[in-house]
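To keep things clear, I will list the structure first and then write my remarks on it.
Values in this text are rule-based calculations from the coordinates and carry no lab data. Predicted model, so just to flag it, every value in this text is computed and none were measured. For neighbour counting, all protein chains shown are included, and Cβ atoms are generated from backbone atoms with ideal geometry for every residue, glycine included.
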Amino acid sequence: MSDDGTKTPTLDHPTFARVKEAFEGKKFRATEFRGQSTLVVEPQDLLDVMRFLREDEQCRYDFLSDVIGIDYLGYPTPMPGRFAVVYNLVSYEHDRRFFVKVYLNPTRPTEGIEEDPALYLESMCPIWPGAEWPEREVFDMFGIRFRNHPDLRRILLWEDYPAHPLRKDYPLRGRGEREMYRVVDRTSS
């Protein structure tokens, strides 16, 4: 505790030390906020780190609770990348929760559905089969693609939808999608 009685932040989650020890030459960042520990990993190291977190005896993160996409466009503080993908891991054996975050920077304009080679990550489906649908949702809403995914296609919108609507450069009123549909009322249905 500090002099004013507030708790000073410490990175004391046991997984931080375990990952640092196992991957000596790799670059990591770590944060803790309100008791939630997050490890920030470089995209090229993600698969190895996640496999380690699943298989290591002292970690044993056997459940991938969620996969979340974030768009930091317009964020007041500079971020390492415009997009982030966050993995919410749970170890039932050790009764722990741990977050892994990866930042991605687009190299092309993000207004449409054009593929960007910088917005690719390895799929976690080979490690946690339950990652299939959350990864599809991140792809559908943010346009981040997952290599080696067994069925990467849209999950909430139709295949020909012209954009990824949770990107912050997508207009709030849409781009005319609503105008394409016939209005159905009680008499015409």
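Checking (1) 1.21; (2) 2.08; (3) 1.17 against Cα Rg over 2.2 N^0.38 Å calculated from these atoms, the matching label is (1).
Exactly which GluC sites (Glu not before Pro) in region 97-156 are in a DSSP loop and have at most 14 other Cβ atoms within 10 Å?
Details: sites: Glu111, Glu114, Glu115, Glu122, Glu132, Glu135, Glu137; in loops: Glu111, Glu114, Glu115.
Those that pass, being in a loop and sparsely packed, are Glu111, Glu114, Glu115.
The mean sequence distance of close C-alpha pairs (under 8 Å, at least 6 residues apart), as a share of the length of region 1-154, puts its relative contact order at 18 percent.
Around Phe146, what is the net charge, scoring Lys/Arg as +1 and Asp/Glu as -1 over all other residues with Cβ under 9 Å from its Cβ? Walk me through the intermediate numbers first.
On the way: positive: Arg136, Arg145, Arg147; negative: Glu122, Glu135.
Once positives and negatives cancel, what remains is +1.
Applying the Karplus relation 6.51 cos²θ - 1.76 cosθ + 1.60 with θ = phi - 60° to region 109-116 yields 3J(HN,Hα) values of x, 10, 6, x, 10, 4, 5, 10 Hz, where x marks Gly and Pro.
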